[in-house]
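A.B. asks: Handing you this structure, nothing more for now.
Each value in this text was obtained by applying a stated rule to the coordinates, not by laboratory testing. Treat the numbers as computed from the prediction; the structure is a model and nothing was measured. Cβ: placed from backbone, ideal geometry, glycine included. Neighbour counts: every protein chain shown.
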Amino acid sequence: MVKPIAYVTRLQAEYRRPILENLNDRLNGRLIVFAGAHSDSSLKHFSYVRTPKYKCVELTNRWGFGQKALFQNFGPVISCNPSVILAEESPRSVSLPLLLASAKLKKIRTLLWGHFSSNTRPFSANNLFDRYRIWLAKSVDGCVCYTDEISDLIQPYLSEKSCFIARNTLDTNSLFSLRDSLDLEGKTNVRIRLGLPPHGKTVVFIGRLIAEKHPEHLLELHKTLSAKEHASLVIIGDGPERTKLMNRVDQESLSNVFFLGALSRFEDSAPWIFSSDVMVCPGYVGLNINHAFCLGLPVVTYSSPDPNIRFHSPEIAYLQPGINGMMADYCNTTSLLDCTLNVLENHHHFSSNALSYAQSHLSTEQMVDGLEQSINYVESLYDHNS
């Protein structure tokens, strides 16, 4: 009897759908996704907007302590008798160790997939939370890491346990296809179609408009660039800071600032990103690096305020300063301007390197390769122990 593969996660996310569909194809239709619905309305863009081509089972999410702790009813996961459980590595999930313990009793193989570290503090085996994450990693048959750097971080603590790398990415096939179509149309024509000024420099931001991402620095940057030459600023995203930013644009009579709100579909966001010259993210970055690179756009962001803290999500490892983007001194708007000007003045160099990096390192197929390899490995353990 062919058993299913169970993926357990806090919530279903549209950006994961193409990856999981590809993985399901590799697994001959054996994938079942177990996930809860998110109660935070500000994250509604994570919800599925398209019907996935794999089986889904909804779990009940019970949050506590201001959404710092999550308990899921994992009974359906165990009862489907999977060959492997691939679980999201989340220290917020208080049901995760219970799920893993139940799987062990049932002799079900297990994998953890995730960050294995925090963005906001140094990783240390002396830290209580990191010790907990290491303990969880040691309790499973293998770990799937977002980046090579995460694997290097966690592997020394796992002795003979195996680490696999599935570089976290987006549906690059769709993004590359969109870029090809937009390239045929031409950047100037795309700008005209969108109502952007056809000439001059265009900066784009994509992400949640929250204080931690310092979106007000975008307006400072735009004012300075506009004083030098014709410039536009495109802001894709929504959040509590949006009204404040829009009010400031009106009060200071800033021109050519475009607030687009959240655009969850690549088809909607891609023309705006492609027609821009650089993506500037004054706060922490994540998969928006992938989004930009796939459309040939370099990225400028701030470095960490502490060299011992990552500050950004793991995808910051993809940014190579001086090659496909730049990192300005933390919260230094003068440095942010200098880095942005450097990219704009050497645009072909940065743009071509951003696209080539995405093509060679961030493809959907490479990510699915890592996931498939990890599943094949732990399934092979059944044969070794039989």
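A.B. asks: Taking the chain as the reference, fit the longest principal axis to its C-alpha atoms, fit the long axis of helix 216-228 to the helix C-alpha atoms, and give the angle between the two in degrees, 0 to 90, nearest 10.
C.D. replies: Tilt of helix 216-228: around 30 degrees.
A.B. asks: Restricting to the chain, what percent of DSSP beta bridges are antiparallel, rounded to 5?
C.D. replies: If I count the DSSP bridges inside the chain, around 10 percent turn out antiparallel.
A.B. asks: A further question on this structure: Note the full-extension length gain between residue 227 and residue 265 as 0.36 nm times their separation in residues minus their Cα-Cα distance, in nm to one decimal.
C.D. replies: 10.3 nm
A.B. asks: Give the range of the longest stretch in the chain that excludes all trypsin sites (Lys or Arg not before Pro) found in loop regions by DSSP and having at most 10 other beta-carbon atoms within 10 Å.
C.D. replies: The longest such stretch corresponds to 108-386.
A.B. asks: Through the Karplus equation 6.51 cos²θ - 1.76 cosθ + 1.60, θ set to phi - 60°, convert the phi angles of segment 159-176 into ³J(HN,Hα) values in whole Hz; use x for Gly and Pro.
C.D. replies: Along segment 159-176, the couplings run 6, 8, 5, 9, 9, 10, 10, 10, 3, 5, 8, 10, 6, 5, 4, 5, 5, 5 Hz.
A.B. asks: Lysines near residue 68 by alpha-carbon distance under 24 Å, same-chain residues fewer than 8 away left out - which ones?
C.D. replies: Within the straight-line limit of under 24 Å, residue 68 reaches these lysines: 44, 138, 213.
A.B. asks: Using r as the Cβ-Cβ distance of residue 252 and residue 360, and R0 as 35 Å, what FRET efficiency do you calculate, to the nearest 0.05?
C.D. replies: 0.25
A.B. asks: Tell me which of 178, 219, 194 sits at the most positive position along the dipole axis of segment 132-272, charges placed on C-beta atoms (Lys, Arg +1; Asp, Glu -1).
C.D. replies: 219
A.B. asks: Further question on the same structure: For the chain, the longest stretch holding no GluC sites (Glu not before Pro) located in a DSSP loop with at most 12 other Cβ atoms within 10 Å is which?
C.D. replies: That gives 1-159 as the longest site-free run.
A.B. asks: Within straight cross-link reach of residue 228, meaning Cα distance under 19 Å, which lysines are found once same-chain residues fewer than 8 apart are removed?
C.D. replies: Counting by Cα, and skipping residues close in sequence, residue 228 has these lysines nearby: 201.
A.B. asks: Would you mind working out the magnitude of the charge dipole of segment 205-270 relative to its Cα centre, with +1 at each Lys and Arg C-beta and -1 at each Asp and Glu C-beta, to the nearest 20 Debye?
C.D. replies: Charge dipole of segment 205-270: 60 debye, to the nearest 20.
A.B. asks: Put one equal scatterer on each alpha carbon of segment 57-128, apply the Debye formula with no solvent term, and list log10 I(q)/I(0) at q = 0.19, 0.25, 0.27 1/Å to two decimals.
C.D. replies: The computed values of log10 I(q)/I(0) come out as -0.87, -1.22, -1.30.
A.B. asks: Between 155, 251, 12, where does the largest GNM mean-square fluctuation fall for the chain, given springs only between Cα atoms within less than 10 Å?
C.D. replies: With Cα springs under 10 Å in the chain, the top fluctuation among 155, 251, 12 is at 251.
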